[in-house]
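Here is the structure we will look at, set down as structure tokens.
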Amino acid sequence: MAMPGQLMFARRLGPTARLLIWLLAGASCVAVDARYHALDGLRSGFSLVLQPARAIMRTPFDIAAELGGFFVRHRLLQKERDALLTERARLLVDVNTAQELVRENTELRTLLQLQSRPGQRVIHAALLYRGHDWFAQRITLDQGGGAGLRRGLPVVDASGLVGQVSRVYPGSSEVMLVSSPQQLTPVLVERTGQRGLAAGNGHSRMELRYMPAQTDIRPGDRLLTSGIDRVYPAGIPVARVSRVSRSQSSPYLRVESLPLAGLDRSRAVLVLIADPQVTRP
């Protein structure tokens, strides 16, 4: 039964009518917004409300992009680091090579100055290898009998006496170093002129033997060849005194010295040969 004020035969709008109404309302809103920009405020409000949602939805993509960029940058930095390490190693090799060339040039210039000694000629030789037993204190040179070498000839480098030729082969020769226990070298103290006999101890060192306890000799004194044996020319640097000690039970001093020649580093040496055809001034 209809209530008072209510239409008895009222009908609801059908779906088609409601769709048409909504389409008409939507078209009206579009027309009004396009014409008068009436919905800009509403659009701005919705944009502000939806901003956090958009940020949350973008977060996974931003993280993925950042991670991708991180790995790319990491690979690029690794490549740059490897390239820099390679360049640094190459520069170090070049520096070491240049330093070695400077050292060799200095050594060769000093050796060339030694050729001006009257009464002798020299033969240039290079180190081939050291003896397998270093305690034997021997080295092998690239010059031998074919170049005029013979046993007993002195061998020097830019700093002093290296040793004496002990064996000669056609294309090479063996040198016994001054630090060998089998090698005895007549020397004199440069400062005082005191003569003595220097012997190797087999450990790249030398000892000055049979020096009386009252001898004036000090650490730092330089020992030169005396020339008294007619094997070594006089005045070749041999060693520098490193230690002088006295013993109550012995009448002689214990004098230790270090060879001046580069026994463990020289690559170029000179073999000295007395030339009787050259007259001394």
If I stretch the segment between R167 and R12 completely, what's the gain in nm (0.36 nm per residue apart, minus their alpha carbon distance), one decimal? 42.8 nm
Based on the Cβ-Cβ distance of R209 and F71, what FRET efficiency does E = 1/(1 + (r/R0)^6) give at R0 = 51 Å, to the nearest 0.05? 0.10
Would you kindly state how much longer the chain becomes between V231 and Q51 on full extension, computed as 0.36 nm times their sequence separation minus their alpha carbon distance, in nm to one decimal? 54.6 nm
Apply the Karplus parameterisation 6.51 cos²θ - 1.76 cosθ + 1.60, with θ equal to phi minus 60°, to every residue of region 149-159 and state each ³J(HN,Hα) to the nearest whole Hz, in sequence, with x for glycine and proline. 7, 8, 5, x, 6, x, 10, 10, 10, 5, 10
Per residue solvent-accessible surface (Å²) - region 120-281, probe of 1.4 Å: 51 Å²
For region 125-281, with all protein chains present and a 1.4 Å probe, just round the carbon and sulfur fraction of the accessible area to a whole percent. 48 percent
For region 170-281, state the semi-axes of the equivalent ellipsoid (square roots of 5 times the eigenvalues of the alpha-carbon gyration tensor), sorted largest first and rounded to whole angstrom. 27, 18, 12
Can you figure out the FRET efficiency of R35 with T59, using R₀ = 35 Å and their beta-carbon distance, to the nearest 0.05? 0.35
Set the Förster radius R0 to 45 Å, insert the Cβ-Cβ distance between D264 and K79 as r into 1/(1 + (r/R0)^6), and round the FRET efficiency to 0.05. 0.60
What's the magnitude of the charge dipole for region 120-281 around its Cα centre, counting Lys and Arg as +1 and Asp and Glu as -1 at the beta-carbon? Answer in Debye, nearest 20. 180 debye
Theoretical gain in end-to-end length, R195 to Q182 [0.36 nm per residue, Cα-Cα removed]: 2.7 nm
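The values are calculated or read from the model by the stated rules, or taken from the named source; none is laboratory data. This structure is a prediction, so every number in the text was calculated from the model and none was measured. Using ideal geometry, Cβ is built from the backbone for each residue, glycine included, and neighbour counts are taken over all protein chains shown. Note: accessible area is taken over every heavy atom of the protein model, side chains too, but ligands, DNA and RNA are not part of it. Shrake-Rupley method; radii C 1.70, N 1.55, O 1.52, S 1.80 Å.
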